[in-house]
1. Taking into account only those residues within segment 136-157 that are open to solvent by 20 Å² or more (accessible area, probe 1.4 Å) and in contact with a helix residue (DSSP H, G or I) (Cβ under 7 Å, 6 or more places away or on another chain), which is nearest to residue 102 (Cα to Cα)?
2. Please count how many residues of segment 32-50 are small (Gly, Ala, Ser), open to solvent by 40 Å² or more (accessible area, probe 1.4 Å) and within 27 Å of residue 100 (Cα to Cα).
3. State whether the residues of segment 76-90 include one that is buried (at least 18 other Cβ atoms within 10 Å of the Cβ) and closer than 25 Å to residue 180 by Cα.
4. Output the residues belonging to segment 93-116 that are under 15 Å from residue 25 (Cα atoms), open to solvent by 50 Å² or more (accessible area, probe 1.4 Å) and under 21 Å from the mean Cα position of the chain (by Cα).
5. Among the residues of segment 64-96, write down those that are aromatic (Phe, Trp, Tyr) and over 15 Å from residue 34 (Cα atoms).
6. From the set of residues in segment 51-75 that are part of a helix (DSSP H, G or I) and among the hydroxyl-bearing types (Ser, Thr, Tyr), which is surrounded by the fewest Cβ atoms within 10 Å (Cβ to Cβ)?
7. Criterion first (out of contact with any Ser or Thr (no Cβ under 8 Å at 6 or more places or on another chain) and of a type outside the set (A, V, I, L, M)) does residue 176 satisfy it?
Amino acid sequence: MSAPRQIIMVRHGQSAANQDQTIYNRIPDYRIPLTGLGVAQAREAGEQIRRQLDGQKVSVYVSPYLRAYQTLQALELGDLVERTMEEPRLREQDWANFQNPAEIADQKELRNAYGHFFYRFREGESGSDVYDRVSSFLETLYRHWSRPEYAPNTLLVTHGLTMRLFCMRWFHWSVEYFESLNNPGNAEVRTLVAGDGRYTLDVPFEQWIQADPGTTVMDAPLRF
């Protein structure tokens, strides 16, 4: 396998739903656009990514959600992009179809009590479901990287939870460690950088509670 020099991940910029969550009950999640601020955030992220690419080509995989496509457009990578592939497995966690804000708020409380990885939304997915599709996507990446003509860099334009779960799968983090991590902010960039035969994450995810990558359920306090 000819692995890329770096695997860059960027979360979409601020969306209309980040500003007003009631929008979920009248617009399908995948059609929610960026705000003006979200576009500006993505443009700033694009400046960082262009510096990282340093003139080299990149293969792009983008979530099919409108806010992800608008983020990619605002990155303004131009002819640095060798090819762009829509990748549904990089989509946001499915919560429901049209979402009732009060009902989702109740389920979020249940998720906080139960755990973000295993709690499944009534009409949607659990974190573990997203982990499974990210694992499947990785198999596709490995096949693509085996092609001799593949670009020296990979870019994923996706969502916060998906970024965390991609890293969890890549670095073999435990469930308990995943539970300690916060999402990156809108249009924040994280990069897996190759070196000495392995990849390292350039900027760690912030934690809301202390845990190590090898922490397991055996180390977690029992709560009733």
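The values are calculated or read from the model by the stated rules, or taken from the named source; none is laboratory data. Treat the numbers as computed from the prediction; the structure is a model and nothing was measured. Methodologically, a virtual Cβ is constructed for each residue, glycine included, from the backbone with ideal geometry; neighbour enumeration extends over all protein chains shown. Quick note on the areas: whole protein, heavy atoms, side chains included, nothing else; ligands and nucleic acids left out. Shrake-Rupley method; radii C 1.70, N 1.55, O 1.52, S 1.80 Å.
1. 136
2. Going through segment 32-50, the residues small (Gly, Ala, Ser) turn out to be 36, 38, 40, 42, 45-46.
Going one step further and asking which of them are open to solvent by 40 Å² or more (accessible area, probe 1.4 Å), we end up with 36, 40.
Then drop every residue that is not within 27 Å of residue 100 (Cα to Cα), which leaves 36.
Total satisfying the criteria: 1.
3. Yes: segment 76-90 contains one or more residues that are buried (at least 18 other Cβ atoms within 10 Å of the Cβ) and closer than 25 Å to residue 180 by Cα.
4. Within segment 93-116, just 97 meets the criteria.
5. Scanning segment 64-96 gives a single hit, 95.
6. Taking segment 51-75 as the starting set, the residues that turn out to be part of a helix (DSSP H, G or I) are 51-53, 66-75.
Remaining after also requiring among the hydroxyl-bearing types (Ser, Thr, Tyr): 69, 71.
On the way: 69: 18, 71: 30.
The extreme case among them is 69.
7. no
A quick yes/no check of all residues on (1) touching a helix residue (DSSP H, G or I) at 6+ places or on another chain (Cβ under 6 Å); (2) touching a residue at least 12 places away in the same chain (Cβ under 8 Å):
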residue: 3; (1), (2): yes, yes
residue: 48; (1), (2): no, yes
residue: 75; (1), (2): yes, yes
residue: 108; (1), (2): no, no
